[in-house]
Amino acid sequence: MNRGAVRFTSSLSAWAFGLATTVLLLSFWGRAVVVDTAGLSDNLRPLSESDEVTGRFSDWMTNQLVDSGVPQPQAGEATQLALSTPEVKLALATLVGEVVDAASAQDEAAVDMASILSPAVPAVSASLASQGVPTTEAQVGSIVAGLDPLVIREPGDEPFVGPVSPVANRLGAASLLAVVGQVIFGAIYVIAAESRVGAMRTLLTRFAVGGLTFAFLLKAGSWALDPGGGRAPVSESLSRLADSKWLLPGSIGVAAAIGALFFWLIRANGGRTPRSAAVSQPTF
């Protein structure tokens with residue numbers, strides 16, 4: 001093989017190795033996020049204060065009050081005041097966590113709305129009474145107890161998240177293919193190189209840089225999405241997701257850096273050393 005072909009093969013395999021590294025880091029990190037349902041529940045809790053969640057609760061509560069004879073304007077004001085109570089906020093945060101758990105369950109899953117909202121009944125009743133709404137705690141409790149379960153997945157539906165979800169399986173397959181690609185293209189790069197020890201050091205250095213860069217981007221992205229914390233529910237949740245597993249690619253990068261240092265030491269100790277110049281001996 002001529003020198004030009006060797007250079008082309010080396011460049012192409014190095015590029016393919018870098019692409020496989022990127023796929024591996026993304027898929028490995030994504031799968032770690034998806035399978036950690038406890039972490040997902042915690043990271044997505046800020047969504048309980050988003051318009052998507054509070055709006056649905058507000059519409060439901062307002063309709064219940066209107067159906068019981070409360071005028072529409074008064075019902076809307078009373079609902080907004082109830083939403084500001086700590087008990088209702090806690091109930092909605094619990095609801096988000098239960099939805100994540102139900103989405104990861106292997107069987108049919110539904111959320112028991114009555115049990116989640118029941119602890120907030122006294123606070124809601126007191127809030128309504130302060131607005132002059134003619135209702136009692138027993139009446140509010142009766143309405144909450146009559147809530148139907150919130151069906152997240154129908155029978156036969158696959159989990160949305162969790163270790164056995166299709167998303168986790170696809171990300172796992174992508175990670176495996178990326179590792180295979182790294183091995184194949186890394187081997188080609190090493191074989192085509194003049195110094196195999198140097199080539200291994202180069203590949204591990206690139207892997208280390210990729211892992212550490214990805215970890216930095218996750219950390220920086222987390223801060224950029226929500227610099228002060230609590231700026232907006234959606235931004236805060238995305239910020240938490242980015243920050244939750246940033247140490248994973250960082251650890252991979254550190255391990256690769258240690259491997260690169262090992263091959264650097266091998267080359268430094270066992271590589272070629274400059275020959276000392278021969279000293280001519282005088283002849284007599």
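Some points to look at:
- If you filter segment 5-16 down to residues that are touching a helix residue (DSSP H, G or I) at 6+ places or on another chain (Cβ under 6 Å) and surrounded by fewer than 17 Cβ atoms within 10 Å (Cβ to Cβ), you find that the one that is farthest from GLY181 (Cα to Cα) is VAL6.
- Matching residues, segment 49-88, being in contact with a helix residue (DSSP H, G or I) (Cβ under 7 Å, 6 or more places away or on another chain) and among the charged types (D, E, K, R): GLU49, GLU87
- Residues that are among the hydrophobic types (A, V, I, L, M, F, W, C) and farther than 30 Å from VAL23 by Cβ are absent from segment 154-176.
- Hey, VAL100 touching a helix residue (DSSP H, G or I) at 6+ places or on another chain (Cβ under 7 Å) and at pLDDT 85 or above or not: yes
- Scanning segment 198-231 for residues that are closer than 17 Å to ARG45 by Cα and in contact (Cβ under 8 Å) with a residue 60 or more places away in the chain yields one hit, GLY230.
- Among residues of segment 154-166 that are under 9 Å from GLN106 (Cα atoms), those with a Cβ under 9 angstrom from a residue that is part of a loop (DSSP other than H, G, I, E, B) and of a type in the set (Val, Ile, Thr), sequence gap 6+ or separate chain, pair up as GLU158/VAL164.
- Any chance GLY39 is on the phi > 0 side of the Ramachandran plot, of a type outside the set (Ser, Thr, Tyr) and either modelled with pLDDT under 85 or in contact with a helix residue (DSSP H, G or I) (Cβ under 6 Å, 6 or more places away or on another chain) (or both): no
- Residue in segment 125-133 that is touching a strand residue (DSSP E or B) at 6+ places or on another chain (Cβ under 7 Å), of a type outside the set (Ser, Thr, Tyr) and more than 23 Å from ASP51 (Cα to Cα) present: no
- Count of residues meeting criterion [surrounded by fewer than 20 Cβ atoms within 10 Å (Cβ to Cβ) and in a helix (DSSP H, G or I)] in segment 182-201: 9
- Pairs with Cβ under 7 Å, 6+ apart, first in segment 113-138 and under 14 Å from PHE57 (Cβ atoms) and in the same structural domain as LEU81 (by TED's automatic domain parsing), second hydroxyl-bearing (Ser, Thr, Tyr) and surrounded by fewer than 19 Cβ atoms within 10 Å (Cβ to Cβ): ALA123/THR85; SER127/THR85
- Of residues in segment 202-223 being of a type in the set (Gly, Ala, Ser) and either touching a helix residue (DSSP H, G or I) at 6+ places or on another chain (Cβ under 8 Å) or within 30 Å of LEU12 (Cβ to Cβ) (or both), the one surrounded by the fewest Cβ atoms within 10 Å (Cβ to Cβ): GLY221
- Checking LEU44, LEU19 one by one, the residue that is among the hydrophobic types (A, V, I, L, M, F, W, C), surrounded by fewer than 20 Cβ atoms within 10 Å (Cβ to Cβ) and either within 20 Å of PRO249 (Cα to Cα) or within 19 Å of the chain's Cα centre (by Cα) (or both) is LEU19 and no other.
- Checking each residue in segment 27-59 for being aliphatic (A, V, I, L, M) and touching a residue at least 12 places away in the same chain (Cβ under 8 Å) picks out ALA32, VAL33, VAL34, VAL35, LEU40, LEU44, LEU47, VAL53.
The values are calculated or read from the model by the stated rules, or taken from the named source; none is laboratory data. It should be emphasised that the depicted structure is a prediction, and the values quoted were computed from it without experimental measurement. Every residue, glycine as well, gets a Cβ built from its backbone with ideal geometry; the counts of neighbours run over all protein chains shown.
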